[in-house]
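Quick notes on the structure that follows.
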Amino acid sequence: MLRLAPVLGCAITLLCAATAVAAPPWSAPATITTGNPQLAQPTIDFAGNGRAVLSARLTTQANGVPSNGFSRLFGQQVDGSFAGRARLVLAAPPVAYGSSRLALLRLPVAKGNVTIADLEDPESSLGTSFGRCCGPLEVDPGGYRRLSARADRERGVLAANDRGDVAAVWVEHLSGRDHLLVAQRRPGQAFGRPSVIAGSGLITSPSVAWSPAGDLLVAYQRATTGPGPGTDRRVEARVRRSGHSWGGPQRLGLSSGFSVISTAAAADGRMVVAWGTQDLGEEANTRWNVRAALRPAGSRGFGYAELLESSEGDDERPAGRVVAAMAPDGTATVAWSSIAGARFPHTFPARVTTAGPAQGFGPMQTLAPNAAVGDVAMDARGATVVVWATLAIPGVNQVTQQVFASLRGAGAAAFAAPEAVGPAERADLPRAAFEPLSGRPAVVWISRLPGVTERLRYSARAG
């Protein structure tokens with residue numbers, strides 16, 4: 001069993017005054033856009049030129065019911081401000097790569113308005129396009145290339161590395177089974193023909209990561225029904241080494257019904273797949289289990305999946321998400337929110353653990369006593385940031401209040417004390433990335449203050 005390191009940040013007040021401002025060394029939050037009337041799916045990434053590209057989904061009302069609306073992109077200008085681009089519908093967060101390139105996985109604009117009929121029939125056309133960022137944010141609409149006519153609109157993911165490898169991954173539903181497809185683009189080439197890398201069972205929660213050297217990792221949950229009783233649910237992974245064909249699927253560990261999966265890869269070939277899993281249904285009936293599997297550099301397969309934590313409570317859903325990142329030297333970091341307490345009101349401690357190069361995962365560190373983990377990011381030197389939003393109401397895992405971040409310097413053994421990134425403003429869904437030139441982290445989130453139009457907010461660390 002893992003040993004808990006001393007709790008950091010327990011003295012932080014969870015309910016701060018609504019008039020509080022971002023504490024140094026974080027910049028005062030800038031409002032990038034407002035909702036119409038709401039916002040969702042905030043994202044952040046940096047190009048090699050040091051400019052950020054942000055996105056968010058602006059939800060609307062369609063015939064009196066909420067609709068997914070459309071996405072907008074925002075590119076950072078020379079003066080640090082952001083300029084937006086006209087509407088489009090993103091199927092996955094945009095990915096910046098190289099000095100100024102941008103890859104997009106897109107749905108038709110008409111698919112942004114979700115009706116009940118759309119939810120019953122999730123199939124959609126799915127395609128990619130490219131652009132440049134940032135300063136003037138350019139997306140070439142004539143460069144749109146359709147990859148599928150029957151993709152599940154909610155199960156697409158996209159990844160790229162700085163040398164120009166790009167991969168789009170999505171699920172298609174066939175009669176009685178799912179297909180998981182991958183389309184790859186090598187540097188200077190067009191996307192190749194999509195490949196089916198999993199072709200049976202119910203496939204959900206795909207995640208994809210490129211290594212800087214061009215190795216591709218795809219992980220997913222698969223559920224199959226065999227001749228015996230019950231359903232076999234597991235998390236699997238497939239790897240394609242640069243210059244080689246796909247390796248076979250490897251079973252990494254159990255799934256309880258639904259899983260939140262995150263992947264990362266280093267240049268030397270080391271990889272990590274982390275996931276949290278719990279039973280399906282309206283009510284929770286099993287513990288929230290968080291696991292991770294490492295694939296050593298030079299190995300042909302992942303090692304034994306390690307149980308990072310099994311929650312105390314089995315009657316509550318998790319807060320936030322499970323996130324993983326990997327530094328160039330192969331150091332892997334996984335962060336998540338636990339479920340503490342045997343019964344209501346539960347708390348949701350924000351946890352993090354790290355596996356050094358050629359090592360397994362060490363002791364957990366608790367970063368906050370009650371919070372929804374949003375993201376983890378690592379830079380080229382190995383510095384790491386974890387961001388979360390505090391939970392405002394005892395026992396409630398969906399109402400968040402204020403964004404905090406904790407940093408660990410390159411080579412440091414533990415994360416530093418939490419820093420307030422923004423004010424208490426019903427802050428939700430924080431996402432983080434490192435600016436590659438300065439090595440400073442930046443965060444985006446959504447402010448959901450009652451009675452105020454929702455806002456996409458941005459803050460960067462000054463020091």
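For the reader, a short list of remarks on this structure follows.
- Failed item in (1) of a type outside the set (Lys, Arg); (2) out of contact with any Phe, Trp or Tyr (no Cβ under 9 Å at 6 or more places or on another chain); (3) in contact (Cβ under 8 Å) with a residue 24 or more places away in the chain, with residue 237 passing the rest: (2)
- Matching residues, segment 196-242, being farther than 20 Å from residue 301 by Cβ and of a type in the set (Ser, Thr, Tyr): 200, 204, 205, 224, 225, 231
So that you can scan it fast, the table gives a plain yes or no per residue for (1) in a loop (DSSP other than H, G, I, E, B); (2) in contact with a Gly (Cβ under 7 Å, 6 or more places away or on another chain); (3) acidic (Asp, Glu); (4) touching a residue at least 60 places away in the same chain (Cβ under 8 Å):
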site: 129; (1), (2), (3), (4): no, yes, no, no
site: 146; (1), (2), (3), (4): no, yes, no, no
site: 172; (1), (2), (3), (4): no, no, yes, no
site: 208; (1), (2), (3), (4): no, no, no, no
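- Any hit, segment 283-294, residues being more than 16 Å from residue 206 (Cβ to Cβ), free of Cβ contacts under 8 Å to residues at least 60 places away in the same chain, hydrophobic (A, V, I, L, M, F, W, C) and not in a strand (DSSP E or B): yes
- Scope segment 332-370; condition farther than 16 Å from residue 273 by Cβ and polar (S, T, N, Q); matching residues: 337, 338, 347, 359, 365, 366, 370
- Candidates 100, 67, filtered to the one that is of a type in the set (Ser, Thr, Tyr), surrounded by fewer than 23 Cβ atoms within 10 Å (Cβ to Cβ) and either modelled with pLDDT of 85 or more or closer than 23 Å to residue 193 by Cα (or both): 100
- Residue in segment 439-463 that is modelled with the lowest pLDDT, counting only those that are over 15 Å from residue 27 (Cα atoms) and small (Gly, Ala, Ser): 451
- Of residues in segment 260-284 being among the charged types (D, E, K, R) and closer than 10 Å to residue 317 by Cα, the one nearest to the chain's Cα centre (by Cα): 279
- Pick from segment 174-206, criterion at positive phi and touching a residue at least 24 places away in the same chain (Cβ under 8 Å), ranking: surrounded by the fewest Cβ atoms within 10 Å (Cβ to Cβ): 188
- Taking segment 163-186 as the range and being over 20 Å from residue 47 (Cβ atoms) and modelled with pLDDT of 95 or more as the test, the residues that pass are 169, 170, 171, 172, 178, 179, 180, 181, 182, 183, 184.
- For the residues 59, 33, the requirement of being over 22 Å from residue 421 (Cβ atoms) and either at pLDDT below 95 or assigned to a strand (DSSP E or B) (or both) singles out 59.
The values are calculated or read from the model by the stated rules, or taken from the named source; none is laboratory data. Here the structure is a predicted model, which is why all the values come from computation and not from measurement. Note that each Cβ is placed from the backbone with ideal geometry, even for glycine, and that neighbours are counted across all protein chains shown.
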